[in-house]
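The values are calculated or read from the model by the stated rules, or taken from the named source; none is laboratory data. All of these numbers come straight from a predicted model, not from anything done at the bench. Backbone-built Cβ (ideal geometry, glycine too); neighbour counts: all protein chains shown. Each accessible area value is taken on the protein alone, full model and side chains, heavy atoms only, with ligands, DNA and RNA left out. Shrake-Rupley method; radii C 1.70, N 1.55, O 1.52, S 1.80 Å.
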Amino acid sequence: LKTILFLDESLKLELIMKNSIKILIFFFAVNFSFANTGIIDTLISNKFGLNTQYGQSPTFFPKNIFTKPPVEASKNAPASAEEDICSLGLNGEIVVGFKNMIITDGPGVDFVVFENAFLNPVNKKLFVEPGIVSVSQDGVNFYDFPIDTTELTGCAGINYTNGNADIFDPSVSGGDQFDLKTIGLSYIKYIKIKDFTDYLLSHPKHKYYDAIISGFDLDCVVGINISDETADVIDDETNFKIIDSENSIILQTENESSLMEIYSLNGELIYKSYNNFINKSELNSGAFLLIVHQDSKVFRKLILNYK
């Protein structure tokens, strides 16, 4: 999959698929403003790793990553209850985001990841379980924040949390802070965290090695610069509109019938419709790619199906 990105008043994403002559063009309008902050509220996907199941049961997860860090969280008393953290396990990963919101590249820090790093009272070393952070605009193509494997700079899970401070103020909140300017993106919708503690376990001479580390423990992710996303208007050259409601996906168009296809993110065709209507109850929960065939063009949109 080759991706070419053009940035202007509307963002046009032009994708050229392997082994195909079809060109997919996706237009959407984004309202950029930097006044809003918030905590992630959407789980896109997760794949837990080995060594732990802490905080992973439906009793706690995913609610435990959608709330503020506990006020007592600090470098000497990290968040530790299953109500507050979810361990990804060794090599586990998770993708999260916001409903109908995006994180934008504003002044300074754009989002903060909170883990439960702390100062070990016995050996006076910082106890860390790092994670690699990558971000995406479309849920398919992810871009890693660069890291330094010696100091672990660029990873999440390195800095302790100041739970009694304002978590929306990066100057006092603690946590691991990320600026989209670092990787040259103007906005993102998806954040992926992949456990990196296995690297430390395989390097016993590393300054942060500890035999008891068991995986990245996610507390929450806070967006510092977030704004509303509108994705209903598609291509000025055609007379159609996609309405993504709670229960259905409707194609408003002059054509009596248009081919609509739903694909999983791994490219599997899972649904097809010719009547300009898709019933979401016939889909499993998850993130999907919607392909609309209209006249001689093909249009693509990412649909999040919540249940």
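Structure notes:
- Given 75/99; 124/207; 75/207; 47/189, the pairs whose alpha carbons are separated by over 22 Å: 75/99
- Ranked order, 50, 180 - accessible area, probe 1.4 Å, largest first: 50, 180
- Across the stretch 156-285, the volume of the C-alpha convex hull divided among the residues equals 207 Å³ per residue.
- If only the Cβ of Lys and Arg carry +1 and only the Cβ of Asp and Glu carry -1, the dipole of the stretch 35-161 around its Cα centre is close to 260 debye.
- Count Lys and Arg as plus one, Asp and Glu as minus one, and take only other residues whose Cβ is under 10 Å from that of residue 96; the net charge is then 0.
- Tensor-based shape of the stretch 70-194 (alpha-carbon gyration tensor, a/c under 1.5 rounded, otherwise prolate or oblate): prolate
- For residue 270, net neighbour charge (Lys/Arg +1, Asp/Glu -1) across residues whose Cβ lies under 14 Å away: -1
- Our coupling estimate for the stretch 96-103, obtained by passing each phi through the Karplus curve with A = 6.51, B = -1.76, C = 1.60 and θ = phi - 60°, is 9, x, 10, 6, 6, 9, 10, 9 Hz, Gly and Pro reported as x.
- Cβ-Cβ FRET estimate between residue 100 and residue 207, R0 fixed at 35 Å, reported to 0.05: 0.25
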